[in-house]
């Protein structure tokens, strides 16, 4: 039976939501300084106002605190769902002041997309966006990739109870270090290492290709964040295609693959256990799936005869499958080409890559390779049991960070998440089709939103219907939190409405 919230529970959640909103305001100081450095005075004022609003609202909410009250597991789910919505709304304030977003809803669409590391955008005239606004867009990837709860934990922001429940509610279920606080800080350390390496290398690439030092370092930093945090935002409307650089694409591929790997796997490898890379079921599923889909896309592109020679075909195929599979969303083709030019085979393979997703406890979205591996093993186990003698004892061992045994609970949980993603993919596609878009484009966009990928056929733009914007925002939000937290919030809303109706009737 679902427990009804007490007033004390509401006050505790308001307190922590307020801290998250105030935290968003604090991070806004980075684009504020960027605006000052580049003389973007209007944008500087926008960020100053937005910071003030975030501090004021966040501070007011944070005052609602009940001493000696801790965050229960159920409340942690609701708090996480609310916290992500509140953070997205606060982050949208400075973007809404700019000329790049016609409405506040458009601005919030991009912050939901940024924090969930989806990468879909409705920005207008992105090529002429202020540096500070682009800085903020990409910083939402940095915050969302690791998670706003992880960010709060790493800074020890007043989480006196339920810290691990909040950590799990954000879509992660593996504690890397014994202490969840140390786990959060390790996640940020790994991110800092990869983003720093990517920024240095891409800065050199940008200088080599003739980009100025200031612009070169900003683009390098933004691209590194978007690639490692598997977000996919780009400072230019043409995304990665703008750079026309094979070397840059190689660096992005490295960062995308690193970003989609389980943070616990990073820890194992850094400790010297490199064997985990080939023993791990999740890595094997990712590698096999990626190789098969790259082959299919390459064959499809070759059949379409858009690119001359083997190397360009393999280059396009590998980049987009990895971009889709990791949930990054960087692309080097025009949006209209997905339907018009690339052919059904390549299109279908990219759809499958997006739907499958990356690794659990990573920055990637989608169903996740470990769950797919568990479902495959469960099916194989059922087949073996059906043909084996009744007295035979058959099990399904697998390796994921350690030797494990597949249980009905693990298989059932994987199947449940698989079904939830599948239903959401189809529902979003049906809504898109209801608005008059083609079936293929609608399915592509729906999967991209739910799996937090960001590849687009062109449906996602400022001119699309309001209802579809809200649909994709809900899909991005639910997909990033892997549904449970969002369903818990909806359950509490329904429960509160039922109680109110009962009181009104009686």
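Go through 83, 52, 59 for me and flag whichever is surrounded by fewer than 22 Cβ atoms within 10 Å (Cβ to Cβ), part of a helix (DSSP H, G or I) and modelled with pLDDT under 95.
59 is the lone residue from the list that is surrounded by fewer than 22 Cβ atoms within 10 Å (Cβ to Cβ), part of a helix (DSSP H, G or I) and modelled with pLDDT under 95.
Take the residues of segment 334-345 that are farther than 23 Å from residue 226 by Cβ and without any contact (Cβ under 8 Å) to a residue 60 or more places away in the chain: which is surrounded by the most Cβ atoms within 10 Å (Cβ to Cβ)?
It comes out as 343.
What number of residues in segment 456-471 are over 22 Å from residue 321 (Cα atoms) and touching a helix residue (DSSP H, G or I) at 6+ places or on another chain (Cβ under 6 Å)?
3
Condition test on residue 425, is it modelled with pLDDT of 95 or more, part of a loop (DSSP other than H, G, I, E, B) and on the phi < 0 side of the Ramachandran plot?
Answer is no for this residue.
Listed residues 432, 358, 373; which is in contact with a strand residue (DSSP E or B) (Cβ under 9 Å, 6 or more places away or on another chain) and surrounded by 14 or more Cβ atoms within 10 Å (Cβ to Cβ)?
When all the criteria are applied, what remains is 373.
Might you let me know whether segment 21-38 holds any residue that is outside any helix (DSSP H, G or I) and modelled with pLDDT of 95 or more?
Yes, because at least one residue in segment 21-38 is outside any helix (DSSP H, G or I) and modelled with pLDDT of 95 or more.
Which residue out of 321, 383, 336 is over 28 Å from residue 265 (Cα atoms) and at pLDDT 90 or above?
383
Residues that are surrounded by 19 or more Cβ atoms within 10 Å (Cβ to Cβ), within 21 Å of residue 18 (Cβ to Cβ) and modelled with pLDDT under 95: does segment 168-183 have at least one?
Among the residues of segment 168-183, at least one is surrounded by 19 or more Cβ atoms within 10 Å (Cβ to Cβ), within 21 Å of residue 18 (Cβ to Cβ) and modelled with pLDDT under 95, which makes the answer yes.
Which condition from (1) modelled with pLDDT under 90; (2) surrounded by 19 or more Cβ atoms within 10 Å (Cβ to Cβ); (3) part of a loop (DSSP other than H, G, I, E, B) is the one that residue 150 breaks?
Exception for residue 150: condition (3).
Which residue pairs have Cβ atoms under 7 Å apart, sit 6 or more places apart or on different chains, and have a first residue in segment 170-190 that is more than 20 Å from residue 115 (Cβ to Cβ) and a second that is at pLDDT 75 or above and surrounded by fewer than 21 Cβ atoms within 10 Å (Cβ to Cβ)?
176/186; 176/267; 177/186; 186/267
With respect to the numbered conditions (1) under 27 Å from the mean Cα position of the chain (by Cα); (2) part of a helix (DSSP H, G or I); (3) more than 30 Å from residue 358 (Cβ to Cβ), which one is the sole condition not fulfilled by residue 99?
Result: residue 99 fails condition (2) only.
When you go through (1) in contact (Cβ under 8 Å) with a residue 12 or more places away in the chain; (2) surrounded by fewer than 16 Cβ atoms within 10 Å (Cβ to Cβ) one by one for residue 379, which number turns out not to apply?
Of the numbered conditions (1) in contact (Cβ under 8 Å) with a residue 12 or more places away in the chain; (2) surrounded by fewer than 16 Cβ atoms within 10 Å (Cβ to Cβ), the odd one out for residue 379 is (1).
Look through segment 308-328, keep the residues that are in a loop (DSSP other than H, G, I, E, B) and surrounded by 16 or more Cβ atoms within 10 Å (Cβ to Cβ), and return whichever of them is farthest from the chain's Cα centre (by Cα).
Per the stated criteria, the residue is 326.
Of the residues 38, 32, 47, 20, which is more than 17 Å from residue 93 (Cα to Cα), in contact with a helix residue (DSSP H, G or I) (Cβ under 6 Å, 6 or more places away or on another chain) and in contact (Cβ under 8 Å) with a residue 40 or more places away in the chain?
38
Would you pick out the residues in segment 452-477 that are at negative phi and in a loop (DSSP other than H, G, I, E, B)?
Scanning segment 452-477 gives 453, 455, 456, 457, 459, 460, 461, 462, 463, 464, 465.
Of the conditions (1) surrounded by 24 or more Cβ atoms within 10 Å (Cβ to Cβ); (2) touching a residue at least 40 places away in the same chain (Cβ under 8 Å); (3) assigned to a helix (DSSP H, G or I), residue 331 satisfies every one except a single condition; which number is it?
(3)
Return the residue satisfying two criteria in turn: it lies in segment 385-405 and is in contact with a helix residue (DSSP H, G or I) (Cβ under 9 Å, 6 or more places away or on another chain) and in a loop (DSSP other than H, G, I, E, B), and of such residues it is farthest from residue 374 (Cα to Cα).
Top of the filtered list is 392.
So which residues in segment 27-48 are within 23 Å of residue 104 (Cα to Cα) and surrounded by fewer than 14 Cβ atoms within 10 Å (Cβ to Cβ), if there are any at all?
Passing the criteria: 29, 41, 42.
Being over 18 Å from the mean Cα position of the chain (by Cα) and crowded, with 20+ Cβ neighbours inside 10 Å is the filter here, so list the residues in segment 277-295 that pass it.
Matches in segment 277-295: 280, 281, 282, 283, 285, 290, 293, 294.
Quick one: residue 346 ticks every box in (1) more than 30 Å from residue 317 (Cβ to Cβ); (2) part of a helix (DSSP H, G or I) bar one, so which box is it?
All conditions are met except number (1).
The values are calculated or read from the model by the stated rules, or taken from the named source; none is laboratory data. Just so we're clear, the structure is a prediction, and the values are computed from it rather than from any experiment. Counting neighbours? That spans all protein chains shown, and the Cβs are built from the backbone with ideal geometry, glycine included.
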